[in-house]
Amino acid sequence: MKFTLDWLQEYVNTDGISASAIADHLTMLGLEVDAVTEVFSELAPLRTAKIISASALPDSDHLQVCEVAVGSETMQIVCGAPNARKDLVTAVALPGAVLPGGMKIKASKVRGVPSSGMLCSERELGLSTDHAGIMELPRDTPHGLPFVQAAGLPDTMIEVDLTPNRPDCASVIGIAREIAGITGRSLSLPVQDAAVTAASTEFSVTVESSELCPRYAARLIKGVTIGPSPLWLRARLLAIGQRPINSIVDITNYVMMEYGQPLHAFDFKKLSGGRIVVRTPKADETTFTTLDGTERKLDADMLMICDGERPVAVAGIMGGMNSEVSDETTDILLESACFNPVSIRKTARRLNLATEASYRFERGVDPNGAINAMDRAATLFCTIAGGSCSPEGADVYDGCRPALPLTLRVSRTSELIGMPLDAGRIIALLESIGIICSQTSEDILTVTPPSFRVDIEREADLVEEVARLIGYNSIPTSLPQVDLSYPEQDTARLKRQEACRILTSIGFNEAINYSFTAEDHLEKLELAPDDPRRKVVRLLNPLSEEQAVMRTMLLPGLLENVKRNISFQKTDIRLFEVGKVFTPTGINQQPMEMMRLAGVLAGDLHGNRSPLYFKSQPVDIFDAKGAVESLLDELRLLDPSLQQPLTFRVPTANEQENFYIPRQTLLLVQGSQILGILGKIRKETLKRFGIKHDVYSFDLDFEALSALSAAKKAFAALPVYPAVRRDIALLLPVHVSAGELLKVVAESNEKLIEHYDIFDIYTGEPIKEGYKSVAMSITYRSPSKTLTEKNVEKSHQKIVAMLTSRFEGSFREA
């Protein structure tokens, strides 16, 4: 949006306020200023001149030798303008001056006659396209003055970059309203509260859709004379980058920039039947030629302005060649309307046609300002173009919407802005920019935003207006008060992070898979028909069949990861995933989400590490069990001090998973509650996933594990007294598990035992059939003294006797 200070001065008194101050005010009001430029600076070298005499140049039928007075100097200039005559005051470019087109003036000779400058036409000065003669200034204009000053052209142009929510500022009056509000000065408007009091009998207006065209107004101006606009009007348009065309077009452009209301002038005699019909194109109306001479393809939903027979303009964007104002036009039908912003935006994009009018209609034009702008333009038509305008017209306002009042709390306004305010000051500030306010109680204001402020929709918008008008620089600066207490952490998230850290520290890599999976994965795992994991949440619009349902297990995704790794010849695999599984709860109900942790192991135990100090060894179920134990131990869930410890056991027939090999499966339990399972996956199952290698896996209920109370961290000093280690070799029936032996030692409550572990299991010669040799190491230590042989032997014999009697074993001597 561009405007000039001289133009702005017509609506708000800016005396004593510099251009830079106005730019600063606008920037602090939220209207970013892009440029502040002196206009017509290129005409600064020109001076006014008076022709003292003019005589024909010998041997020329059009050139004249003019004696020209420029202040105290008199010079001779050869001129070919037909209107060059004695006493004419015009503009002169002296030698050394550069005209707007880049022409540099030099002293020269024309047919042997010296010429010291150039008398200029309006086209040569860039003020219009008129080149019929030199420019004529008023006869009383003194000669020798700077031309810019004599012509009243000195001005400053300010360009503002508007945001889409402020269409009210796409006008000089809108900018003036903002300046009036921030400076506390009054706003003066050329036309207010205009209305069409009677319907015209010479033309009619029909609007078929009030949604697409909420308001359409028109007036008829007769007897106009098409010609160039006066200099003041052309100068203002040129200052903001618009090209003057003729008086009618220039007035519509001028009022559009003044009020922000686009207008359009039709040649009334070219409108069939004296009718205006606002509608969409008919089936046979597929193309339309706009004013720029381009034939454009029409769509069925584009809004058109039509006469009694055909379209004559694209609504809100551009008129048509078939109703264009020409030099022969005498009667004008002036349009001032309000169109649907979305409709205009779509049409402009499809036609690839952006205009000043569409720019404003796309953002929203004030429907209540249409008549004021139309009345202002009609007055200028009569004044400048010599027309006559009757008070009758047309005003179809079927899309009128009542103003919706908003509630503004004084206390809330003060709180948000950060300074004390009273109701009186808030009312004064808001009313300075045209917002109607009334006080309903000590703390409550009822505020009705004006129709030109389409951006004000709620209380926060009104608070912003108050802050803008106070001035952001006037708001006291204060640092926010922040509570320095440590923010509460999500314990479930912390436990997930800890689990990931533990597993990665023992050689696992984390996998992150989609929650969407293929339904046939459940078939590949051979889940029982009544298994609740077969009930899945289906996606309404899946990306593919492989992502058609929400997962109920993590294992299928990990097996797909194993397959992909093996296909890239990465056979040593340790992967885990912590993620949610989903169980349906009913139609149109959100599914139940449960957090689980699963892992897979395959390939060599030591991975790709160099086998310098160890031999290659495939992973087995004990590695899977060891990974789970390491996790639980780090989480302090295996501590013997827990009231109900976690243990591993072999599943019963009803608890056995179909995809695990029986007798190579273990359950993780706490009492009767199953918290997880681990085992070796059957080869048939792996084959369905395209895997030929052995794979072990574990699957834990991470939510249940997270809900358990971990053992408290206990810190102790390093032991002072030495430890004593004793080994025990027992012959036991093969059905006795190692875990049972360890459990007996743990429950012995022998105070001197510090650590115990099984380090060897052997079957074969010379051990008799049905038995196995189990070697166990026990470490003894006292926190208060050095143990004697007698102390250790007493405790050790007690453990040996307990193990042999409990499991019908014997002490192996050698």
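With a ≥ b ≥ c the root eigenvalues of the C-alpha gyration tensor of region 695-814, is it rounded (a/c under 1.5), prolate (a/b larger than b/c) or oblate?
oblate
Across 451, 773, 485, the residue with the most accessible area heads the list, and the full order at a 1.4 Å probe is 485, 451, 773. The figure for residue 748 is an accessible area of roughly 10 square angstrom, using a 1.4 Å probe on the protein chains alone. Within straight-line reach of residue 712, meaning a Cα separation under 17 Å, sit the following aspartates and glutamates at least 8 residues removed in sequence or on another chain: 498, 633, 634, 639.
Between the residues 319, 348, 286, the greatest Cα displacement towards the positive end of the dipole of region 278-350, with unit charges on the Cβ of Lys, Arg, Asp and Glu, is found for 348. Taking the alpha-carbon centroid of each part, what is the distance from region 272-288 to region 729-744 in angstrom? Region 272-288 and region 729-744 have Cα centres separated by 98 Å. Over what distance in Å are the Cα centres of region 220-261 and region 584-624 separated? Computed from Cα coordinates, the inter-centre distance equals 79 Å.
Multiplying the residue separation of residue 594 and residue 346 by 0.36 nm and subtracting their alpha-carbon distance yields 84.6 nm.
Taking the chain as the reference, fit the longest principal axis to its C-alpha atoms, fit the long axis of helix 491-505 to the helix C-alpha atoms, and give the angle between the two in degrees, 0 to 90, nearest 10. The angle comes out at about 70 degrees.
Taken about its Cα centre, region 625-769 carries a charge dipole of roughly 280 debye when the Cβ of each Lys and Arg holds +1 and the Cβ of each Asp and Glu holds -1. Measuring between alpha carbons in the structure, the pairs from 570/687; 580/687; 222/297; 524/680 lying more than 24 angstrom apart are 580/687; 222/297. Labels on offer are (i) 145, 70, 63; (ii) 87, 63, 60; (iii) 92, 70, 62, and the one holding Cα extents along the principal axes in Å computed from this structure is (i). Note on the chain: with charges restricted to the Cβ of Lys and Arg (+1) and Asp and Glu (-1), its dipole about the Cα centre is near 2940 debye.
The order of the peptides 240-246, 354-360, 107-113, 738-744 by mean Cβ neighbours within 10 Å, most packed first, is 354-360, 240-246, 738-744, 107-113. Would you kindly find the accessible area of residue 519, with a 1.4 Å probe and non-protein molecules such as ligands, DNA and RNA excluded, rounding to the nearest 10 Å²? Here the accessible area works out near 70 Å².
Comparing 710, 441, 192 along the charge dipole axis of the chain, the residue lying farthest to the positive side is 710, per the Cβ-charge model.
Excluding ligands, DNA and RNA, the accessible surface per residue across the chain is 52 Å² with a 1.4 Å probe. By the Stokes-Einstein formula, at 1.002 mPa s and 20 °C, region 430-512 with its Kirkwood radius over alpha-carbon pairs has D equal to 115 µm²/s.
Axis of helix 789-807 versus longest Cα principal axis of the chain: the two differ by about 90°, to the nearest ten degrees.
When both region 107-143 and region 380-446 are represented by their alpha-carbon centers, they are found 51 Å apart. A 1.4 Å probe over all protein chains sorts 292, 694 by accessible area into 292, 694, starting with the largest.
For region 304-456, carbon and sulfur atoms together expose 51% of the accessible surface, with a 1.4 angstrom probe and every protein chain in place.
Name the shape class, rounded, prolate or oblate, that the alpha-carbon gyration tensor gives for region 17-174, where a ≥ b ≥ c are the square roots of its eigenvalues, rounded holds for a/c under 1.5, and otherwise prolate holds if a/b is larger than b/c and oblate otherwise. Since a/c reaches 1.5 and a/b is larger than b/c, the shape of region 17-174 is classed as prolate. Place a point 7 Å from Cα of residue 132 in the direction of its Cβ. Which residues in region 78-93 have their backbone N less than 11 Å from it? What the label zone holds, given the 11 Å backbone N cut-off, is 83. Report summary: the helix-based calculation at 222 nm, which adds -39500 (n - 2.57) for every DSSP H run with n ≥ 4 and divides by the residues of the chain, gives -7500 deg cm²/dmol.
Helix 459-470 and the long axis of the chain differ in direction by around 60°, with both axes built from C-alpha atoms. Ligands, DNA and RNA aside, residue 495 has an accessible area near 70 Å² when probed at 1.4 Å. Couplings 3J(HN,Hα) for region 538-549, derived from phi with the Karplus relation 6.51 cos²θ - 1.76 cosθ + 1.60 (θ = phi - 60°), are 8, 7, 6, 9, x, 5, 7, 5, 6, 9, 8, 9 Hz, where x marks Gly and Pro. For the set 234, 47, 806, solvent exposure ranked by accessible area (probe 1.4 Å, protein chains only) runs largest to smallest as 806, 47, 234.
Relative to the Cα centre, the charge distribution of region 78-177, modelled as +1 at Lys and Arg Cβ and -1 at Asp and Glu Cβ, gives a dipole magnitude of about 560 debye. Accessible surface of region 693-814, 1.4 Å probe: 54 percent of it comes from carbon and sulfur atoms.
Taking amide H atoms as placed 1.01 Å from N in the peptide plane, the amide H of residue 115 lies under 5 Å from those of 108, 109, 110, each 5 or more residues away in sequence or on another chain.
Using the Cβ-Cβ distance between residue 287 and residue 9 with R0 set to 56 Å, the FRET efficiency works out to roughly 0.75.
The aspartates and glutamates within cross-link reach of residue 683, meaning a Cα-to-Cα straight distance under 12 Å and a gap of 8 or more places when in the same chain, are 694.
Considering every alpha-carbon pair of region 145-217, the percent of pairs per 5 Å bin, from zero through the bin containing the longest distance, is 3, 10, 11, 12, 15, 14, 13, 9, 8, 3, 1, 0. Computed over neighbours whose Cβ is under 14 Å from that of residue 684, the net charge equals +3, Lys and Arg +1, Asp and Glu -1.
Please state the shape class of region 289-409: rounded when a/c is under 1.5, otherwise prolate if a/b exceeds b/c and oblate if not, all from the C-alpha gyration tensor. Verdict is oblate for region 289-409. Each residue of region 202-212 was assigned a 3J(HN,Hα) from its phi angle through the Karplus expression (A = 6.51, B = -1.76, C = 1.60, θ = phi - 60°), giving 9, 8, 9, 10, 10, 10, 7, 9, 6, 6, 7 Hz with x at Gly and Pro.
Which is farthest toward the positive dipole end of region 207-345 among 240, 332, 214, measuring Cα position about the Cα centre, with Cβ charges +1 (Lys, Arg) and -1 (Asp, Glu)? Of the candidates, 240 comes out farthest on the positive side.
The values are calculated or read from the model by the stated rules, or taken from the named source; none is laboratory data. If you're wondering where the values come from, they're calculated on a predicted model, not measured in any experiment. Glycine gets a Cβ as well: all are built from the backbone with ideal geometry, and neighbour counts include every protein chain shown. In case anyone asks, the SASA skips ligands and DNA or RNA and just uses the protein heavy atoms, side chains included. Shrake-Rupley method; radii C 1.70, N 1.55, O 1.52, S 1.80 Å.
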